[in-house]
Amino acid sequence: MGSIDAQGGRAGHSIRLVWSLVSVLVLAGALLMVWGSLHAGPVSEDSAALGYVHREGPWADLWGAQYGLRTVLFWRPLVTASLGLQEAVSGSAMLPLRVFNLACHVLSALLAAALARRLGGGWLAAAAAVAIAITFPYQGGTVTWIVGRVDSQCLPLVLLTAWASLAGRRWTAGLAALAALATKEAGAAAPLVAAALLWGRGDSVAATLRGALPAAVGTAVGLVARTLALGEIVGGYAPEGRPVGGDLWGGLTSAAVSLGNLPLALPALVVLGLLAGRARPRAIVGAALAALATVLPLVPLLDAGDLELVHRRWMLAPDVFLGLTLALCLGAPGPGRRARLVPTLAALSILLLVVGQRAQDARLDVRRWSHAANEASAHEQRTRLALEGVEPSAVPVLDATFPRVNADGSAYVAQWGVADRFREPFPSTPRPVWPWRRLFEAAQSPRGSVTTPRDGLRWPPGEAQLQVAPIVVEITDGGQPTDRVPLDLRLLADVEPGSGVELRVLGEYPGARIEFVVFTELGYGTGTWVGAPDAARIEPAADDPDGVLRSIRRLPLREVFLASNREGMPLYHVIRQAADLGAQVAYLELRAVDDARGKTDRPIAASAWIRLDLSDELRRAMLER
């Protein structure tokens with residue numbers, strides 16, 4: 001008896017030793033993929049997310065939408081919690097935040113190896129699963145990009161759900177499935193993944209259903225909590241923000257292409273695995289079904305027809321489970337059999353080529369995202385230098401230098417979060433800094449500045465030389481003169497003339513039209529006044545048959561925000577989007593624009609900025625879905 005116990009102890013010690021060695025090798029491989037990028041600055045929304053958790057705390061989204069948004073409804077409280085807890089401990093330092101993302105990748109790779117073992121694979125299959133998982137080719141978007149942890153944090157929870165289901169650990173499976181869904185909606189695939197792998201192990205249909213039941217219960221609990229938090233079960237983008245669909249096949253094709261050489265290598269590895277006597281056909285099919293299950297939550301996004309480079313990080317879970325499928329082709333010989341050497345070596349050669357290419361792609365993607373981070377930081381430092389010694393003021397300056405994405409569109413630079421870089425928890429500047437770019441119509445050329453730029457920044461009229469004629473605007477609220485415009489519930493309803501905020505533009509601008517420009521901390525929007533009976537009027541001049549804009553009388557503020565750009569989007573949506581991200585102040589500029597002088601949208605006159613104060617009541621009313 002003692003001899004048996006001693007043998008069992010030695011076997012257990014050997015297994016622990018092997019797993020320790022595997023863990024060290026995985027960590028080394030993971031560090032190799034991201035080496036040199038961990039100290040890069042924040043990328044795009046990183047600054048906004050850290051600002052949010054700094055103000056609201058780590059548990060702010062437990063019973064609400066992510067970051068408090070209403071135009072986009074995602075229930076991801078564990079992502080906010082991980083960011084908030086780290087920010088509370090280490091502030092806005094990038095290194096620990098990226099180390100967490102990297103640790104999630106390492107954990108995913110180890111769990112992929114454990115699944116390979118649970119499905120009958122040997123250590124060779126486990127090593128293959130690790131090598132494929134650790135070389136995910138788009139990990140710049142899941143490690144370097146801090147908020148990309150929504151994918152890297154969700155995947156190990158899905159993998160843990162599957163492992164616990166295979167190990168018969170029901171409570172662990174249920175809690176992991178709940179946590180996966182509370183990290184990202186893609187976690188809803190966890191019960192399907194567990195069922196696919198249970199069947200792949202050889203379980204009967206009845207046993208498969210019993211084994212996946214705890215994960216299904218955990219997901220069901222999560223769906224109930226999600227519905228209570230969001231007010232609806234589906235969530236996602238508001239109707240006007242959803243991608244235009246209709247080309248699901250194109251999206252699926254694009255997703256398959258993003259997986260690189262994995263789908264191409266699969267048929268050859270299956271054949272070689274069978275010839276070598278290593279492949280486990282049912283386990284291979286089960287792992288492939290698990291990979292397909294992780295694609296299902298992406299279908300609404302893939303329906304747009306193309307998976308852009310910057311979004312290919314979404315394929316993390318399908319990639320790892322497809323890698324598990326390949327690894328199981330090198331499973332293990334059956335009892336009493338020996339694997340054939342030549343097919344095994346051929347399969348290993350293919351696998352090494354696959355992993356080698358993936359490692360190069362991963363390093364390239366990490367470099368792209370770290371360069372994007374450095375590009376954003378360079379623009380930020382230049383702006384900080386320009387504002388040194390400036391008199392403090394709550395009125396913003398506008399910065400036109402921040403790009404949204406890098407040159408080839410593979411990484412964000414400062415798509416969002418420009419204003420957040422210059423306020424807590426980051427060092428604050430004497431003036432707020434807002435981006436000088438369109439909020440929605442990114443493809444259109446930007447409006448020209450009506451003041452002379454200074455130090456690369458646009459300054460408000462009155463603080464920099466006005467390059468065009470001034471427009472005088474009289475503002476009244478309930479008939480009383482005012483210099484600040486309150487945005488309240490009157491903006492959403494018709495009011496009696498003279499009882500609300502009204503604007504009156506004075507001056508004569510032959511052949512011009514009046515354009516409204518609304519500046520927010522996210523960007524600006526434009527709208528053209530087209531005239532409204534009894535509210536505004538263009539009076540023709542006797543000596544000018546084309547018409548002269550002499551005055552606009554009693555222009556209600558509501559008419560301003562109903563004015564649309566060329567795409568038909570009212571300015572109301574600009575204010576609504578800014579309010580959803582917490583903006584309390586915006587600024588309105590009126591321009592006289594002449595399109596008949598050789599340049600479209602050429603301003604010939606402009607007003608001083610008019611401050612707009614957003615009320616909490618209006619914000620809540622605008623954001624009701």
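Answer yes or no as to whether Leu549 is modelled with pLDDT of 80 or more, within 25 Å of Val468 (Cα to Cα) and either within 39 Å of the chain's Cα centre (by Cα) or not assigned by the TED database to the domain that holds Val397 (or both). No: the conditions fail for Leu549. Looking only at residues in the range 577-618 that are in contact with a Lys or Arg (Cβ under 9 Å, 6 or more places away or on another chain) and in a helix (DSSP H, G or I), the one that is surrounded by the most Cβ atoms within 10 Å (Cβ to Cβ) is Ala579. Within the range 466-492, restricting attention to residues that are at negative phi and assigned to a loop (DSSP other than H, G, I, E, B), the residue that is most open to solvent (accessible area, probe 1.4 Å) is Asp483. For the range 122-143, a residue qualifies if it is more than 25 Å from the chain's Cα centre (by Cα) and under 27 Å from Leu83 (Cα atoms), and exactly one does: Val130.
Here the range 450-465 is the region considered, the condition is being under 28 Å from Met569 (Cβ atoms) and either without any contact (Cβ under 8 Å) to a residue 40 or more places away in the chain or over 31 Å from the mean Cα position of the chain (by Cα) (or both), and the residue that is surrounded by the fewest Cβ atoms within 10 Å (Cβ to Cβ) is Pro453. Restricting Val320, Val295, Val285 to those that are part of a helix (DSSP H, G or I), of a type in the set (Val, Ile, Thr) and open to solvent by 40 Å² or more (accessible area, probe 1.4 Å) reduces the list to Val285.
Please tell me if Ala346 is touching a helix residue (DSSP H, G or I) at 6+ places or on another chain (Cβ under 8 Å), open to solvent by 30 Å² or more (accessible area, probe 1.4 Å) and farther than 23 Å from Thr144 by Cβ. Yes. Ala131 meets the stated requirement of being open to solvent by 10 Å² or more (accessible area, probe 1.4 Å), under 29 Å from Arg363 (Cα atoms) and not β-branched (Val, Ile, Thr). Of the conditions (1) at pLDDT 90 or above; (2) farther than 19 Å from Ala605 by Cα, Trp459 clears all except one; give me its number. With (1) at pLDDT 90 or above; (2) farther than 19 Å from Ala605 by Cα applied to Trp459, the lone miss is (2). For Asp303, the stated conditions hold: it is open to solvent by 10 Å² or more (accessible area, probe 1.4 Å), of a type in the set (D, E, K, R) and in contact with a Gly (Cβ under 7 Å, 6 or more places away or on another chain).
From the residues in the range 187-212 that are in contact (Cβ under 8 Å) with a residue 40 or more places away in the chain and open to solvent by 30 Å² or more (accessible area, probe 1.4 Å), which one is farthest from Leu73 (Cα to Cα)? Filtering first and then ranking leaves Gly202.
Candidates in the range 378-393 are the residues that are closer than 13 Å to Pro427 by Cα and among the hydrophobic types (A, V, I, L, M, F, W, C); of these, the one that is surrounded by the most Cβ atoms within 10 Å (Cβ to Cβ) is Leu387.
Checked against (1) touching a Phe, Trp or Tyr at 6+ places or on another chain (Cβ under 9 Å); (2) surrounded by fewer than 21 Cβ atoms within 10 Å (Cβ to Cβ); (3) hydroxyl-bearing (Ser, Thr, Tyr), Thr80 passes all but condition (2). In the range 196-241, the residue that is nearest to Trp63 (Cα to Cα) out of those that are outside any helix (DSSP H, G or I) and among the small types (Gly, Ala, Ser) is Gly231.
The values are calculated or read from the model by the stated rules, or taken from the named source; none is laboratory data. As the structure is a prediction and not an experimental result, all values here were calculated from the model. Quick reminder, even Gly has a Cβ in these numbers, built from the backbone with ideal geometry, and neighbours come from all protein chains shown. Keep in mind that these areas ignore ligands, DNA and RNA; they rest on the heavy atoms of the full protein, side chains included. Shrake-Rupley method; radii C 1.70, N 1.55, O 1.52, S 1.80 Å.
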